[in-house]
Each structure stands twice: as C-alpha cells, then as structure tokens.
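Shown next, in structure tokens, is the structure this report addresses.
None of the figures in this text is laboratory data; all of them are computed from the coordinates on show. The structure presented is a predicted model; accordingly, all values stated were derived computationally and were not measured. So basically every Cβ, Gly included, is an ideal-geometry build from the backbone, and we count neighbours across all protein chains shown.
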C-alpha cells in the first residue's frame, strides 16, 4: 500500500499526487486522514518553540533548489504510524511523495494562481476562519474557571441524572381495550413472558417483553413515570399510553446507580462552562455594538387572493368526477 501525504500544498493537489503515483482508490483512505491531521499544524506556532531532535535540519532532498528536511519527513512518517499504516510505508516511498508534491507546488506557483481573484478570495476566507478559530480557542482557554463553578456545574448535571436503573418487561398493544384484556389474563394467572410472546407488537416480544436494564431518562415520559412509581415484582394496574401504543408493564428489579465522580467530569464541565461564558461574552459584545439590520421583511400574502382562486376552481373541481364516470 502507498500512502500519499502532503504538508506543503493544499489538499486539492492530492488527486494530482495520487495520479502521478498510480495508486488505487482503496489506498487513498489513509492519505485523507494524514492530510486532515496535517492541516492544524499550520495554526500551531507554539510547536516551533520545542527543541528539535538531533538531525532535524538534515537535508534529505533538494528539488530545483528547494530543500526538504529530515524534520518534514519524520513528521509525515509519524502521521503514517498514527493512521495505522506505518508498517506499510518506508522513508524512501514517503520522500518520493514529498518530492512529487514539491514539484507540483512549484508548478502551481509558476501558474500565477495565487494572484487570481477567486483564489485570493478563498485565501482570505481561510485566513479569516483561521484567525477567528484561533481567537475563540485562546479566548476560551484564558477564561478563569473556579472550583466552585465546576462544583456547581457538576451538581446541576448530576441532579438531572437517573439515580436508579430498572429491569422490566412490557407488553405493547395497539388499543386500550387490548391492554385491559391482557391485564385480565394476567390476573387469571397467565405468565407475563408467554403473553408478551403471543400478543406484544414490540420487538422485545420474542424475549418475553424483556427490556433489560435501563434508566428512566432513556424511555418516553409516560413509560418512565409509570416504572418509577412501581415496586419490584409489581405489574401496572392500568394500561400506560405512549406514542407507540398501550403498555402493560412488569417491574422485575431496581438498583441504585453510581454517579460519575467530579474529577472524571471536569474536562467536559470545563468545556461547557467555557461555551457558556463565551456565549455571554458575545451577547454582551452584541449589545454594545453599533449594529444596523437592513434586512427587509417579506410582505405577507393577503388572505383574499387564495379565496378568490378557490372560488374559481370550485366549478372545475365539481365537474371533474363527471369526466371519470
């Protein structure tokens, strides 16, 4: 398998490189991942402050006077390894791809495309997005989030989590009368699982209506409320209606759920608070800005026109059945 990687030119040239190297469509999958991984490196100046390994500045090829350094080759080899295809490429193959890519880059620069209006527009759009994304990330990272804020967010999140898990069976039928008939059969001593296999329209019927373990927040509200009000071993005394039909429920077991620890939730809570603070910041920025909205509202159609059209259409519509008789 050949991997085509590209950190020197835009990803649109990957097709050219692939053509020059005559690889199959199947072989291009790792290349896409590698290219995607490489893009953020353009926005990471911090990496340049790290100490380079020995030999990083070694020149491994010269293409029409342009140096390709060991550091670039090493970066692409690392990317290939992370993509899971590191054992299927070697330095010589990767270097050849870099050489071809550099040749393509040089030809592209000679073409004058960089000065073309549509290309300039795309470059400006890319620059704006890069600056905006970098600003948003750095602004969010600089926010001061206290332990008290994290604890408050944790308490709010866990208060909305299910504290219990339930193991239940159910029989789903189309009408309330059918559900009541099922309840009567259960009162007469019929086995719940056997009735579920025979009468339930749910996919759980073949398992005797067994739903396994679940939390109430994973169920529709009427079903969840009915289960939460029951005790283990109890069968619902009345049918429960949901958008799926009518349910007869049997709660078999109930157990407590261990809530996630604060430390484990801190990363996602931090991101949540960052988003909330950034939204508040942008809302305040919007309130202080001098913004003039010039968008005109579309005129709403009057009610009279459709009525007149309907009247005119009535005779034709009335006459239509006569044509088919």
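Remark: relative contact order (region 147-287) = 33 percent; criterion is Cα-Cα distance under 8 angstrom and separation of 6 or more residues. For region 163-256, the mean projected area of the C-alpha convex hull, equal to one quarter of the hull surface, is 5.3 nm².
Cα centroids of region 223-268 and region 106-123: 61 Å apart.
Label-to-label distance for residue 159 and residue 296 is 5.0 nm, based on points extended 7 Å past Cα in the beta-carbon direction.
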